[in-house]
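Structure first, commentary second.
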Amino acid sequence: MTAAAPEPKANMGQPVPRYDAHSKVTGRATYASDMPLANPAYAFLVTSAIAKGRVDGFDLAEARAVRGVIDIVTHENAPKLKESKLFSNGGYAGTTIQPLKSPDIAHDGQIIAVVIAESYEAAREAANRVKVNYTVAAPSATFDSPGTTTAAAKGQNSQFKEDPKVGDFAKAFAAAEIQLTAAYDTPTQHHNPMELFTTSCAWIGDDLVIYEPSQYVHGLKNGVAEQLGIDADKVRVVNPYVGGGFGSRGSMTPRTAIIAGIARRLNRPIKLVATRDQGFTITTYRAETRHEIKLGASRDGKLVALRHEGAEVSSRPDAYCVGGTKTTTRLYACPNVDSLVSIVRADRNTPGFMRSPPEVPYLFALESAMDELAVKLDMDPVELRRINDTTNEPIGGKPYTSRSLMACFDEAAKAFGWSQRSSQPKSMAEGDWLIGYGCAATCYPTQMGPAAARVRLQRDGRTRVEIAGHEIGTGAYTVIAQTAAERLGVPLEKVAVFIGDSDLPPAPVAGGSNSTASTCSAVMMVCDQIRQRLFKAVMPDSLTDKAKETVGISQAPTTQAAKSNRPLDIEKAFDALGVSVVEEYGEWKPEGAPLDSFKAMHSGHVRLVGGHQMQDKIAYAFGAEFVEVRVNRFTHEIRCPRLVGAFAAGRIMNPRTARSQLMGGLIWGMSSALLEATEIDERNARYVNDNLADYLVPVNADVPGVEVILLSEQDDHINPAGAKGLGELANVGTNAAICNALYHATGQRIRKLPVRLENIEV
Ligand code: MOS
């Protein structure tokens, strides 16, 4: 294991301890689910036991007889709500399936009634006594189920505009010296954050306060207002800490407006705690995917043809799609590329963002296929990546703003001891254990979104930073505080950060790993506004405008551009201004953001830019992952004693929190290969293992050794902070690295996740 706080290298911030470490370990960090309400009533959901059909009627007599029951809300008496479009189609919602609107059932586990009672226990008891009469229709569960429909994703989903292609794939593949065709499958997965899907709603007159774990307080605020038909300024969403997100809280779920509507009708605060199993169906998830990869190469390992075809499951009404071909078609140099993504509609809840949505399943396919190609070529898989490394992506020929892929491979290979690997499968063993070494590349788009911030500096250096970012466990408080301290030249202890509240200046969804780049860039800009005001006060005429922009105060900032900065005495500047507090508000948007960016930002829409969508360049973070697996010859038990990853992501704001993020990513990546899968009963389109006993997530014993290596990288072409997102970087590719290592250990190629001991045939 590397040290908990790695020494910062070039272009890295200080590894300061977490801003919220003390509050978290002492239990003083208040999560939305912890917020106390005055005289609350409690809600418990009743969810559908069928996946397709309709509710013919309820028998509520027994439920109503439970002591403490206040009301039972069904489609017959539910508050009327307006519809919201899908998040990925310009709306706020994770699904357009709006429960309690009609007797129709679109998926298993859909909300069909809400019991309100004086206590949680009474609400639960009554919910269990609700009797439902259904008309049942046969549902389509997944791929190959009768009744599904399939169509190209392009044109159905506004976030997936085209199937990338270039050159003439068919011709080049047919003529290629080496050809590989292989199919890969990834399973359904659910986020399962620790904090349950709770919602508390309290009205004060016409004003609504919502306490709910959310990755996007401004989106939720505007979405709920839209559904209730009220002014968005009447709604406030508060969640200073979020107990895990993983994408599950980026878009609005139907529960929130339902609870808000009932609370308004009953004129009483309501607290809903959805159970763990309900969380599998009332929110989104990662849908199962299928892939076919075709690679054509010359004998010396140069790719000449690449085709990636993917299929994803979505719900009947919604064309959710992750479409990872936008990344897999651009990762390696190749003159002839083709791709196609299809959406298969089934009777399921609508899937959504989950931990690097496009790259986790799509790079599993590509990075497994690259390993298979290396085997066919009898070539070291690291060398195959080196031969096909590129400075320009092949589809549009745009240059990467920076690309440290091979540097990551070299560093990680050295730390892992890759040179000790004997290349033949089944050639390494220790006692009963077959040993396998495997590796894979990772990459993740560098994304940014418009953000606003307010910063207040007092004469004594005390600083208050306000921005509606989100602490989902990533270190958001910490890097925002560091940014302000560094930029204003005040001690870190004097900076107070306020996030997780929609009354604060808007920031983007904490998704797509954009948060650090977006929020820190906005905070830097507003701190500079303060700096300029102070400088004007002390040196009104002595500086050119350009010099004022770059000059620092009190202590020299660490950025290279500011090395020659002249220090400024804050107290003297305040005296000259004749005030004791300076406050600035500012709105920052990344280069290339559309014209309506700020308007959209204030109405809870995100205009993320970056990745492959930039005008004349392409921005990604890169990494390389090496794993050791051990497979017991007799029991086929699979262990993963070592995960080693090297990553480059522009400026590392804080090596300590970055390391934690990347370590978590590697662990989730291992988990996506060996543990996580939601099983579906295909007869009734129902999730089977919808609990934390049967849905496997990694524990410490599953990951004895995780090593994170941070590479220095400077990128001046992405954003003022110079930071690339890394939250979702490390869990991409790891699943392929594991299967590649399993092939090395056993000689068996496994193309379907997850891999369990029953899948090992040697
Ligand atoms: Mo992440 S799945 O973009 O919250």
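All of the numbers you see were taken from the coordinates with simple rules; none came from a lab. Computed from a prediction, not measured in an experiment: that's the story for all the values here. Using ideal geometry, Cβ is built from the backbone for each residue, glycine included, and neighbour counts are taken over all protein chains shown.
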*For Ala407 and Glu637, what does the FRET efficiency come to when R0 = 25 Å and r is the distance between their Cβ atoms, rounded to the nearest 0.05?*
0.10
*Starting at 0 and stepping by 5 Å, how many percent of the alpha carbon pairs of segment 1-109 end up in each bin?*
2, 7, 10, 12, 12, 12, 10, 9, 8, 7, 6, 4, 2, 0
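Based solely on its DSSP helices, what 222 nm [θ] is calculated for the chain when runs of n ≥ 4 H residues each add -39,500 (n - 2.57) and the sum is averaged over all residues, nearest 500 deg cm²/dmol? Walk me through the intermediate numbers first.
Working: 18 runs with 185 residues, N = 762.
Dividing the helical sum by the residues of the chain leaves -7000 deg cm²/dmol.
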*What residues qualify as long-range amide H neighbours of Met252, i.e. H under 5 Å apart, gap of 5 or more or another chain, H built at 1.01 Å from N?*
Ala93, Gly94
_To make sure I understand, if each residue's beta carbon is the centre and we count other beta carbons within 10 Å, what order do Met35, Met194 fall in, fewest to most?_
Met194, Met35
_Candidate lysines for bridging to Lys376, where Cα separation is under 16 Å - those fewer than 8 sequence places away on the same chain excluded_ = Lys294, Lys302
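Residue separation times 0.36 nm, minus the C-alpha to C-alpha distance between Asp702 and Gln613: what's the value?
Details: separation 89, 0.36 × 89 = 32.04 nm, distance 3.78 nm.
Extending this stretch completely gives an extra 28.3 nm.
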*Which stretch or stretches of segment 55-81 have amide N atoms under 14 Å from the point lying 7 Å from Arg265's Cα along the Cα→Cβ direction?*
70-81
_Which of Ala407, Gly469, Thr47, positive extreme of dipole for the chain (C-beta unit charges)_ = Gly469
*Would you mind checking which residues have amide H under 5 Å from Glu682's amide H? H placed 1.01 Å from N; only 5 or more apart, or other chain.*
none
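How much of the DSSP bridge set in the chain is antiparallel, in percent, rounded to the nearest 5?
Working: 95 of 128 bridges.
For the chain, the DSSP antiparallel bridge percentage is about 75.
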*Alpha-carbon radius of gyration plus Dmax, which is the widest Cα pair, for the chain in Å*: 26.6, 82
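Stretch Glu430-Ala175 to full length: gain in nm at 0.36 nm per residue minus the Cα-Cα span?
87.5 nm
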*asked:* What distance in nm separates the two pseudo spin-label positions at Leu757 and Glu583, each 7 Å out from Cα along the beta-carbon direction?
replied: 6.2
*How much length is gained if the chain between Lys101 and Lys234 is pulled fully straight, taking 0.36 nm per residue apart and subtracting their Cα-Cα distance, in nm to one decimal?*
45.5 nm
_Inter-centroid distance (Cα atoms) of segment 187-234 relative to segment 392-463, Å_ = 34
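Counting only C-alpha contacts under 8 Å and six or more residues apart, can you give the relative contact order of the chain as a whole percent? Don't skip to the answer; put the middle values down first.
Working: 1985 pairs, mean separation 131.2, N = 762.
Contact order relative to length: 17 percent.
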*Inter-part distance where segment 9-52 and segment 695-749 are each reduced to a Cα centre, Å*: 25
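Which peptide among 38-49, 572-583, 327-338 comes first, and what is the full order, when sorted by highest mean count of other Cβ atoms within 10 Å?
On the way: 38-49: 19.5, 572-583: 15.1, 327-338: 22.8.
With the highest mean Cβ count within 10 Å placed first, the list reads 327-338, 38-49, 572-583.
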*Please list, or write none, the lysines whose alpha carbon is within less than 19 Å of the alpha carbon of Lys494, excluding same-chain residues fewer than 8 places away.*
Lys572
*So if we plug the beta-carbon distance of Asp596 and Asn392 into 1/(1 + (r/R0)^6) with R0 = 30 Å, what FRET efficiency do we get, rounded to 0.05?*
0.45
*Coarse-grained scattering of segment 157-287 at q = 0.09, 0.12 Å⁻¹, given as base-10 log I(q)/I(0) from a Debye sum over alpha-carbon atoms*: -0.41, -0.58
*Would you mind putting 636-642, 591-597, 285-291 in packing order, based on average other-beta-carbon counts within 10 Å, highest first?*
285-291, 636-642, 591-597
*Among 211-219, 84-92, 394-402, how do they line up from the highest to the lowest mean number of other beta-carbon atoms within 10 Å?*
211-219, 84-92, 394-402
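Pairwise over distinct Cα atoms, reciprocal of the mean inverse distance: report the Kirkwood radius of segment 426-486 in Å, one decimal place.
Values: mean 1/r = 0.0605 Å⁻¹.
When all Cα pairs of segment 426-486 are included, the Kirkwood radius is 16.5 Å.
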